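Right, one structure below, let's go through it.
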Amino acid sequence: MRVNSAKELAVYLQDQRLTNKLSQNLVADLASVRQATVSSFESKPENAKLETLFKLLSALDLELEVRRKGNRFSSEVNHESLEW
């Protein structure tokens, strides 16, 4: 699924939670966070910590994949050989 904002991501996670018939309390227990944290993430994800996102993803048995969008950068550059 393509996600372009924190709100879209929160809606997707909430949808997954509801599809699997999981309460906020159960997800909170699985993620080792408070129920209020789950509620806050679902309603105002822009205020969430990155650590909270990964805990919720894990609790919902989801993973995050990041990939390049479009051809914004030249495909001639070998990014694996770049030194940082």
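The values are calculated or read from the model by the stated rules, or taken from the named source; none is laboratory data. Worth saying up front: this structure is predicted, and the values here are computed from it rather than measured. So basically every Cβ, Gly included, is an ideal-geometry build from the backbone, and we count neighbours across all protein chains shown.
Counting the residues of segment 29-43 that are part of a loop (DSSP other than H, G, I, E, B) and either under 13 Å from the mean Cα position of the chain (by Cα) or crowded, with 17+ Cβ neighbours inside 10 Å (or both) gives 1. Residues that are over 14 Å from the mean Cα position of the chain (by Cα), part of a helix (DSSP H, G or I) and either of a type in the set (S, T, N, Q) or farther than 16 Å from LEU62 by Cα (or both) within segment 1-28 comprise THR19, GLN24, ASN25, listed in sequence order. Looking at segment 44-54, which of the residues that are part of a helix (DSSP H, G or I) and charged (D, E, K, R) is nearest to GLU8 (Cα to Cα)? Filtering first and then ranking leaves GLU46.
Conditions: (1) modelled with pLDDT of 95 or more; (2) touching a helix residue (DSSP H, G or I) at 6+ places or on another chain (Cβ under 8 Å). LYS49 meets all but one. Number of the miss? Here LYS49 meets the rest and fails (2).
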